[in-house]
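One structure below.
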C-alpha cells in the first residue's frame, strides 16, 4: 500500500500524537508499505525519508510550534510535488491547515479517507485560553474549519461536555470534522461513545495508539517500594494547564511520606511549577523537554507514573509507556481506567489536591501495593507494542481500500 499521512503535529514537535505517528510510520514501512507524511515544520532542517514539509506561517507560532498555512496553499503545494496524487489511502491525524488540505485532496482524488481523532479540542480551549476569550477563539476556529469542510451538525450547549458556548463550538468542529471521513479511528471506547453522543454518523473503530517496539525493553522487573524509602514518582506529560501539574504539586505538599518526583516536559506552566516547588521546598526535579528514548530510559527507575489530567484525555501515551515498562500508574480521571487496565493503577476519588493526597497517603500505608500493581501491568504490557497494533491498522486500511474500489466499480 501507498499511504499518505497528514498531520499538523509531527515535525519539530514532541508529544503523544507525534510519537504515535512515528511508531505507525516505522511499523508500516517494516511491513513493506510506503508512507509519506505531510506536516508543517521549520524549513532547511534535515528530514527522514518519506516526510514532506508543507508551507508554514512565517510570523505565527503557538509556543514556538510551526503552523501550516491555510489549506488552499497547502493543497496547491502538495499537488506541485505530487501532481497525480497517486496514493491508495489518506490518513489524517489533526484538524488544522495541513490536515484539512489532506482531507480535501482525498475527496478530490476519490481516495478512502481515515481520520484519527486524538484530542479533546474543547478541553484544550477551556484549559489554555483565558476565560474572556474562549468563546471568541472557539467561534473563530469553528468558523475557519467550516470554510473548508461542510458543517451539517450543530452541537448545542448542554450539561454534559458542551457546557459552555466555547466547548459547544469546538464539539461542533470535531463532529463535522470526522463526519467528513469514510472511517473514524479513536484510541478508546469512552471517546467513541462521546463522539456518537454528539452526532458522529460515520463508522467508528477503536484502535489504540502504540509504543514503537524499539523503545520497549525486552525484560522488566517488578517495581517495589518499602516504607521509609522515597517513592520515585515520574511525570512525563506537558507541564501545562490541561495536564494539571499544579494540582498534583499541591497534593505533594499534603503527603506524609518521603518521595522524589522527576518531571520531564515543557509547557505553559513550567515556570509557575518551578517557582511553586522552590517556594514550598518540594523534592521535585525538572528536566525539560528531552528525546523520548532518553526519557524512557529514566522511566525504568520509576515506581509510580502520574497522569492528573481530568476530563480532557482520550488516551494518554504516558499510560501506555508506563504499561510497557511495568510501572504502576496514578490517575484521577475515571475514563483513564480503561487505558490503565485492571489492577495496575492508583485511583484518586477526586481531581483536587486533597483527594489526590489522600490516595497517595493511603498507598504509603500499603507500600506492598506497588509490587502487586507492577506485576499486573507486566502481564499485559505486550498489548501496547506498535507491531501488534499495526496488524489491525493494516487490516483497516485494506478494508477501506477494497470498499473504495468496489464503490468505483459500481
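Quick check on segment 106-114. Is at least one of its residues at pLDDT 95 or above, in a helix (DSSP H, G or I), farther than 22 Å from residue 158 by Cβ and touching a helix residue (DSSP H, G or I) at 6+ places or on another chain (Cβ under 7 Å)?
No; the residues of segment 106-114 include none that is at pLDDT 95 or above, in a helix (DSSP H, G or I), farther than 22 Å from residue 158 by Cβ and touching a helix residue (DSSP H, G or I) at 6+ places or on another chain (Cβ under 7 Å).
Being outside any loop (DSSP other than H, G, I, E, B), out of contact with any helix residue (DSSP H, G or I) (no Cβ under 6 Å at 6 or more places or on another chain), within 18 Å of residue 17 (Cβ to Cβ) and assigned by TED's automatic domain parsing to the domain that holds residue 62 is the requirement here; does residue 127 meet it?
For residue 127, the condition - outside any loop (DSSP other than H, G, I, E, B), out of contact with any helix residue (DSSP H, G or I) (no Cβ under 6 Å at 6 or more places or on another chain), within 18 Å of residue 17 (Cβ to Cβ) and assigned by TED's automatic domain parsing to the domain that holds residue 62 - is met.
Pick out, from segment 305-410, the helices (runs of 4 or more DSSP H) lying fully within it that include 2 or more residues that are within 19 Å of residue 118 (Cα to Cα).
Of the helices (runs of 4 or more DSSP H) lying wholly inside segment 305-410, those with at least 2 residues that are within 19 Å of residue 118 (Cα to Cα) span 317-324, 337-340, 386-409.
Only one of 313, 354, 321, 338 is at negative phi and at pLDDT 95 or above. Can you tell me which?
Result of the check over 313, 354, 321, 338: 354.
Among what's in segment 143-157 and is surrounded by 14 or more Cβ atoms within 10 Å (Cβ to Cβ) and under 10 Å from residue 168 (Cα atoms), pick the residue that is nearest to the chain's Cα centre (by Cα).
Checked segment 143-157; the qualifying residue nearest to the chain's Cα centre (by Cα) is 155.
Tell me which residues, restricted to segment 1-25, are part of a strand (DSSP E or B) and surrounded by 22 or more Cβ atoms within 10 Å (Cβ to Cβ).
Selection gives 3, 4, 5, 6, 10.
Which ones in segment 57-93 are in contact with a strand residue (DSSP E or B) (Cβ under 6 Å, 6 or more places away or on another chain), assigned to a strand (DSSP E or B) and either modelled with pLDDT of 90 or more or within 26 Å of residue 186 (Cβ to Cβ) (or both)?
Matches in segment 57-93: 67, 68, 89, 90, 91, 92.
Any idea which of (1) farther than 30 Å from residue 89 by Cβ; (2) within 23 Å of the chain's Cα centre (by Cα); (3) buried (at least 17 other Cβ atoms within 10 Å of the Cβ); (4) modelled with pLDDT under 95 is the one residue 390 doesn't satisfy?
Looking at each condition in turn, residue 390 falls short on (1).
Just to be sure, is residue 192 without any contact (Cβ under 8 Å) to a residue 24 or more places away in the chain and surrounded by 14 or more Cβ atoms within 10 Å (Cβ to Cβ)?
So residue 192 passes the test.
Checking the conditions here, which among 157, 167, 244 is closer than 30 Å to residue 355 by Cα, in contact with a helix residue (DSSP H, G or I) (Cβ under 9 Å, 6 or more places away or on another chain) and modelled with pLDDT under 95?
Selected residue: 244, the only one of 157, 167, 244 that is closer than 30 Å to residue 355 by Cα, in contact with a helix residue (DSSP H, G or I) (Cβ under 9 Å, 6 or more places away or on another chain) and modelled with pLDDT under 95.
List every residue pair whose Cβ atoms lie under 9 Å apart, where the two residues are 6 or more positions apart in sequence or sit on different chains, the first residue falls within segment 276-301 and is free of Cβ contacts under 8 Å to residues at least 12 places away in the same chain, and the second residue, located anywhere, is crowded, with 18+ Cβ neighbours inside 10 Å and assigned to a strand (DSSP E or B).
Taking only residues 6 or more apart or on different chains, the pairs are 294/264.
Tell me, which residue of segment 162-189 that is assigned to a loop (DSSP other than H, G, I, E, B) and in contact (Cβ under 8 Å) with a residue 40 or more places away in the chain is farthest from residue 108 (Cα to Cα)?
Among those that are assigned to a loop (DSSP other than H, G, I, E, B) and in contact (Cβ under 8 Å) with a residue 40 or more places away in the chain, it is 162.
Collect the residues in segment 47-56 that are in a strand (DSSP E or B) and touching a helix residue (DSSP H, G or I) at 6+ places or on another chain (Cβ under 8 Å), keeping them in residue-number order.
Selection gives 52, 54.
Considering segment 209-241 alone, what residues qualify as being under 25 Å from the mean Cα position of the chain (by Cα) and either free of Cβ contacts under 8 Å to residues at least 12 places away in the same chain or not in a loop (DSSP other than H, G, I, E, B) (or both)?
Hits for segment 209-241 are 211, 213, 214, 215, 218, 232, 233, 234, 235.
The values are calculated or read from the model by the stated rules, or taken from the named source; none is laboratory data. Everything quoted here is computed from the prediction, not taken from an experiment. Heads up, the Cβs are rebuilt from the backbone with ideal geometry, glycines too, and the neighbour counts pull from every protein chain shown.
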